[in-house]
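Heads up: the structure comes next, in structure tokens.
The values are calculated or read from the model by the stated rules, or taken from the named source; none is laboratory data. From a predicted model like this one, the values you see are computed outputs, not experimental measurements. So basically every Cβ, Gly included, is an ideal-geometry build from the backbone, and we count neighbours across all protein chains shown. Surface areas here come from the heavy atoms of the whole protein model, side chains and all, with no ligands, DNA or RNA. Shrake-Rupley method; radii C 1.70, N 1.55, O 1.52, S 1.80 Å.
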Amino acid sequence: MSGIAARNRVIGLCLAVLVAALDQLSKWYVTGPLALREVGHIDLLPFFDLTYAENRGISLGMLEASNMEMRWLLVLMTLLIALVVLVWLLREKRLGDILGLALILGGAIGNIYDRYTLGYVVDFADFHIGGFRPFLIFNVADAAITIGVVIILARSLLVRDKDGETGAARSADAVSEK
């Protein structure tokens, strides 16, 4: 099992690097060749546009870095979270969990790099249904983090362990035993 677990971890680390690279490549493309920073907005599809935004906070604009101290505090905080995810990934054995953690780690690295080098995170993906926007403007890293979290949550609730119980069934049994 340790050979398979090691292989799974390498796959996870490669996926994290790929996500971070794709995130940075997409940000370079929209700010460079597409000049989205200067243009501000590009209509693409009836439900998806490119809109330039600088996110100086974390999710949903919380903890906005209004000064240099706050910027570096956010860099440090997100770096610590990424380190915890890395350690978790390196301890995990199951590929499904590793892939979810890799998406989170790769996305975190992409956004940490932006915050470190620019002082903000570049966001550009603008999904909408008419005037309704179910999400804030986001980027590849944000999407990877969200998908990774959904994978981890779904697997913890739905995937069967060796004994055949789902995560939800184990939790229900633990509560009923008390």
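Structural remarks
- Flag for residue 61 being modelled with pLDDT under 90, surrounded by 14 or more Cβ atoms within 10 Å (Cβ to Cβ) and within 17 Å of the chain's Cα centre (by Cα): no
- Test: residue 29 is assigned to a helix (DSSP H, G or I), open to solvent by 70 Å² or more (accessible area, probe 1.4 Å), in contact (Cβ under 8 Å) with a residue 40 or more places away in the chain and more than 30 Å from residue 5 (Cα to Cα): no
- Matching residues, segment 109-122, being under 17 Å from the mean Cα position of the chain (by Cα) and open to solvent by less than 50 Å² (accessible area, probe 1.4 Å): 110, 111, 112, 114, 115, 120, 121, 122
Residues checked against (1) more than 12 Å from residue 12 (Cα to Cα); (2) without any contact (Cβ under 8 Å) to a residue 24 or more places away in the chain; (3) assigned to a helix (DSSP H, G or I); (4) open to solvent by 70 Å² or more (accessible area, probe 1.4 Å):
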site: 93; (1), (2), (3), (4): no, no, no, yes
site: 98; (1), (2), (3), (4): no, no, yes, no
site: 107; (1), (2), (3), (4): yes, no, yes, no
site: 124; (1), (2), (3), (4): yes, no, no, no
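- Residue-level check: of (1) open to solvent by less than 70 Å² (accessible area, probe 1.4 Å); (2) part of a helix (DSSP H, G or I), residue 134 misses just (2).
- Each residue in segment 32-44 was checked for being open to solvent by less than 50 Å² (accessible area, probe 1.4 Å), more than 9 Å from residue 124 (Cα to Cα) and outside any loop (DSSP other than H, G, I, E, B), and 1 of them qualify.
- Scanning segment 1-44 for residues that are over 23 Å from residue 109 (Cα atoms) and in contact with a helix residue (DSSP H, G or I) (Cβ under 8 Å, 6 or more places away or on another chain) turns up just one, 42.
- Selection within segment 45-58 - open to solvent by 30 Å² or more (accessible area, probe 1.4 Å), under 16 Å from residue 118 (Cα atoms) and in a strand (DSSP E or B): 52, 54, 55
- Complete set of residues in segment 4-49 that are within 13 Å of residue 140 (Cβ to Cβ) and of a type in the set (Asp, Glu): 23
- Residue within segment 29-45 that is on the phi > 0 side of the Ramachandran plot and of a type outside the set (Val, Ile, Thr) present: yes
- Some residue of segment 73-81 being assigned to a loop (DSSP other than H, G, I, E, B) and open to solvent by 80 Å² or more (accessible area, probe 1.4 Å): no
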